[in-house]
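Heads up, the thing below is written out as structure tokens.
The values are calculated or read from the model by the stated rules, or taken from the named source; none is laboratory data. Quick caveat, the model's predicted, so the values are computed rather than measured. Positions of Cβ are backbone-derived with ideal geometry, glycine not excepted, and every protein chain shown enters the neighbour counts.
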């Protein structure tokens, strides 16, 4: 038995891009797009749309900017029913540079926002909606923001926005099942005319379990990435999610092939997955940036010193 | 807030032994014992007690047999409040060779059994109980055995045995949260005078999440292993479990040190963890033995062929 309303979004290239400055080459992105399309996944997210006034094209790869022309090169000649999504951060995109949907290969724009920026996020999402795109708002770092201001933000989104789905994003990989249950229930209770989504991080090996938990309590928009690639410990492995969902429209085989041929070699070049400093960040409900810096240093396996530092951060 | 009744058992050497023929050297086992003791873990399981008539000491290491004299060499001179556990399989141990508890360093004996062998398991557990040991029965491969015969076995255990805890063992890493919830509820409902335990396998990255689920529904005996070591994808990572449990008697630091110094190097020599063929075994609710054989072949990364074979096993 499956729930027809469930939509799966693959954000392999977008969240994976956070570990390589969004610098996947075109061949690789085409391979991912081909496999995701063949697997029948609903959406694929290729990166961020950032202003080139804020970020240098010398420092970052193509998928930090997601020019329509570049996306067209990726999809050219590949049969697909998968909608292309891009992500925008509050304050980092030039709204005027986003063309109307009927002139663009993009179908959905997701706005990532903290609770405090929700007014801006709603304004942006409504702007994209007016241009014809499907839209979502993704509330980041929600494990740090579970107070009454979250309810206020959810009410505002319900009343003022025209988004398709509101995502709960566990940026720090800090949530256990019970907080996930509570957050999804709060969101579905308030957002009567919108769908609720979940985006997990795998710092404590809970991204998949928490995604199942979100499904149980009514979330219908689900993020995954191939072989769990993504910042720090990565995300919910798409292949596990497909194994769990019973909808016959999905086919796991192209994703298995993609892991064999592309992701096993890639994992030898860039690092993600279950790594102790990320687990510690998750336990402590902190951004993984300190752990990510540690992994680039000669102290990368000095877990105990890292643990003590996270417990007792020096006053700077 | 923590639940005082919760007992954590580290089965690093026992379940880890399933990937190296129980051949950890004494220095390594002493390091593990030292760290587990310093972390305040309640139990440590060092291996199996198997009959030397059935298994050759040339083929298997020390921890397939767990002679009392060998255990004494491990614990000698190390301060510890951790109880030593060993595991026995139905039909593989000479009961007469197990000395009375007051002559042995072992404090607990766990009997692993399938549902069909439960009469034998109860007989064995009662035998060990009479010799003075704490006892448990661990029902293996429970994802394949959820019919009415399971209830019958649970009733029999409640009425005929004197075990401390009955463990639900997800040998195939096939359970999702909802079946875990149902199984723990069934067990706690029937076993009014015993504790219920949970032992997860990590084929689908759910060992930790499922252990939390088991805790939520009343399981108090919990298995973990350092860095998740164990057969195939391994077990619930002990360090994550300690991070989740709030009982101040536990200290994660010695486990973090142990991972840094011993388990990172070990992982380069023997393989466990998130590996696609194990994930596929879990999805299909099958024993990982076919996947383990694949990992030793030149087709170790041919996931799609493996998937098709698991879907359509040839008639032999």
From the options A:277, A:265, A:237, residue that is within 11 Å of chain B (Cβ to nearest Cβ) and surrounded by fewer than 24 Cβ atoms within 10 Å (Cβ to Cβ): A:265
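The rows are residues; the columns are (1) more than 17 Å from residue A:137 (Cβ to Cβ); (2) outside the structural domain of residue A:222 (by TED's automatic domain parsing); (3) in contact with a helix residue (DSSP H, G or I) (Cβ under 7 Å, 6 or more places away or on another chain).
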site: A:73; (1), (2), (3): yes, no, yes
site: A:85; (1), (2), (3): no, no, no
site: A:89; (1), (2), (3): no, no, no
site: A:93; (1), (2), (3): no, no, no
site: A:96; (1), (2), (3): yes, no, no
site: A:109; (1), (2), (3): no, no, yes
Any pair with Cβ under 6 angstrom, 6 or more apart, that starts in the range A:11-38 at a residue that is at positive phi and ends at one that is in a helix (DSSP H, G or I) and crowded, with 17+ Cβ neighbours inside 10 Å: A:22/A:63; A:22/A:64
Subset of the range B:87-108 (residues that are within 16 Å of residue B:7 (Cα to Cα) and crowded, with 20+ Cβ neighbours inside 10 Å): B:108
Residue in the range A:270-281 that is closer than 29 Å to residue A:195 by Cα and either touching a strand residue (DSSP E or B) at 6+ places or on another chain (Cβ under 9 Å) or at pLDDT below 95 (or both) present: no
Qualifying helices (runs of 4 or more DSSP H) (wholly inside the range B:225-316; at least 3 residues being touching a helix residue (DSSP H, G or I) at 6+ places or on another chain (Cβ under 6 Å)): B:238-244, B:253-258, B:276-283, B:303-311
Number of the exception - residue A:256 against (1) within 19 Å of the chain's Cα centre (by Cα); (2) within 11 Å of chain B (Cβ to nearest Cβ); (3) buried (at least 23 other Cβ atoms within 10 Å of the Cβ): (1)
Residue in the range A:298-309 that is within 13 Å of chain B (Cβ to nearest Cβ) and farther than 18 Å from residue B:261 by Cα present: yes
